[in-house]
Amino acid sequence: MRIRLILVSALILTCIGNIGPLLNVTHAEGYLSGFGGIAAPGSLSNVIVTKQLSLFGVTSAARTADVDLENTLTWGLKAGYFSERRKWLGLETEVFTFTPNMTAQPLIVAQPGQTAKGVDFSGAPVRVTALALNVITREPSLGHFNPYGGVGPALFYSSSSAFPGKFRVTPGLNVIAGASYYLTDQTAFFGEFRFNTVSVKVGGFVGDYSGQMFVGGISYHFDGPERTED
């Protein structure tokens, strides 16, 4: 976790310190986007529980086997801009949310000094909301079709009614790869693959999360460049 925090902090400082001069914000192509799709979260690993112990059939802090999560819908909004001078380079911020609920499942649970045992976990609701800052690169020379990729740090807020506790925000990583198709100089449809990784923390529950998303959306570009037919 400490290594992840150091890496995310370094990435944030690098973005803030270097991206402004490169982008030439004075003459930028700004855009607003909305998107939605499917989140495929897989499972939580390295799980530790210290509260709500009865859900896991234990009486003290314990570790569990990986906890499976449900596939779910996701949606979000983002805003960003591309440099007029360096049309291939951009910066965007976004917020998105999804509900990777813990499914009802059998689990192996181990308490310190005791033999591991199997329990029937009844499941728990989970909501994750993230705020991300992405550095974007694209290929603008293909006319209406623009493939792109991006990476950046994100702050993830996780909550669950089954694990009440204080407000917890943890740093993570957001990686995207996609393509957009411009219907007009200002309007484009896009599709993206996303990968997120973060340590999910709710009241008395910690687990490492890595998941994928498949989303699509529409964007409106301000001062978008004229695009010729391919």
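Bear in mind these aren't lab numbers, they're just calculated from the coordinates by the rules spelled out. Quick caveat, the model's predicted, so the values are computed rather than measured. Ideal geometry is used to build each Cβ from the backbone, glycine not excepted, and the neighbour counts take in all protein chains shown.
Among residues of segment 211-223 that are in contact (Cβ under 8 Å) with a residue 60 or more places away in the chain, those with a Cβ under 9 angstrom from a residue that is among the basic types (Lys, Arg), sequence gap 6+ or separate chain, pair up as 211/194; 212/194; 213/194; 214/194; 215/194; 217/78; 219/78. Each residue in segment 77-100 was checked for being buried (at least 19 other Cβ atoms within 10 Å of the Cβ) and more than 19 Å from residue 138 (Cβ to Cβ), and 3 pass.
Checking each residue of segment 96-111 against the condition of being within 18 Å of residue 32 (Cβ to Cβ) and out of contact with any Asp or Glu (no Cβ under 7 Å at 6 or more places or on another chain) gives at least one match.
Condition first: surrounded by fewer than 18 Cβ atoms within 10 Å (Cβ to Cβ), in contact with a Lys or Arg (Cβ under 7 Å, 6 or more places away or on another chain) and under 18 Å from residue 194 (Cα atoms). Now tell me which residues in segment 103-146 satisfy that. Across segment 103-146, there are no qualifying residues.
When segment 200-211 is filtered for residues that are crowded, with 19+ Cβ neighbours inside 10 Å, closer than 14 Å to residue 154 by Cβ and small (Gly, Ala, Ser), only 211 remains. Among the residues of segment 147-177, those identified as surrounded by 16 or more Cβ atoms within 10 Å (Cβ to Cβ) and polar (S, T, N, Q) are 158, 159, 160, 170, 174.
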